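> I have a structure I would like to understand better, so I am pasting it below and will then ask my questions one at a time.
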Amino acid sequence: MPIFEYRCVAEGCPHCRAGFDQLERLGADPLTACPDCGAAVARVISAPNLAVGNAHVLKDGHAAKHGFTQYRKVGKGVYEKAFGKGPDVIKG
Ligand SMILES: [Zn+2]
């Protein structure tokens, strides 16, 4: 069974203000109210892939800060600048 994280969207109790995990049957209706105080809650969408993408961007930014320029091959003899200084596109 998947575990979903919920957090109150309005005034809630300490339980739902901090967010809580809820074990749910697959296909079950999402929880709409805090089991403790009854405040409206919403499912928190967690995106593990987003962290990976951000880490990549941070890495690129780090390299650019240190004066590196990176080009990505986008076609036959055509390179597009990913980051750094220099022309945006190089055609060989
Ligand atoms: Zn609550």
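> Find the residue count for the range 54-73, including only residues that are within 26 Å of the chain's Cα centre (by Cα) and at pLDDT 85 or above.
1
> Further, regarding this structure: Of the residues in the range 1-38, how many are exposed (fewer than 15 other Cβ atoms within 10 Å of the Cβ) and part of a loop (DSSP other than H, G, I, E, B)?
The total comes to 18.
> In the range 42-53, is there at least one residue being more than 30 Å from residue 84 (Cβ to Cβ), at pLDDT below 85 and either of a type in the set (A, V, I, L, M) or in a loop (DSSP other than H, G, I, E, B) (or both)? So that I can check it myself, show each step before the final result.
To start, the set of residues in the range 42-53 that are more than 30 Å from residue 84 (Cβ to Cβ) comprises 42-46.
Those left that are additionally at pLDDT below 85: 45-46.
Narrowing further to those that are either of a type in the set (A, V, I, L, M) or in a loop (DSSP other than H, G, I, E, B) (or both): 45-46.
Within the range 42-53 (the criterion being more than 30 Å from residue 84 (Cβ to Cβ), at pLDDT below 85 and either of a type in the set (A, V, I, L, M) or in a loop (DSSP other than H, G, I, E, B) (or both)), the answer is yes, since at least one residue qualifies.
> I would also like to ask the following. Take the residues of the range 1-20 that are charged (D, E, K, R) and within 19 Å of the chain's Cα centre (by Cα): which is nearest to the ligand (Cβ to nearest atom)?
Filtering the range 1-20 for residues charged (D, E, K, R) gives 5, 7, 11, 17.
Among the residues that remain, those that are also within 19 Å of the chain's Cα centre (by Cα) are: 5, 7.
On the way: 5: 14, 7: 10 Å.
Of everything passing the filter in the range 1-20, 7 is nearest to the ligand (Cβ to nearest atom).
The values are calculated or read from the model by the stated rules, or taken from the named source; none is laboratory data. Bear in mind that the values here come from a model prediction, so they are computed numbers and not experimental data. Note: ideal-geometry Cβ built from the backbone for every residue, glycine included; neighbour counts use all protein chains shown.
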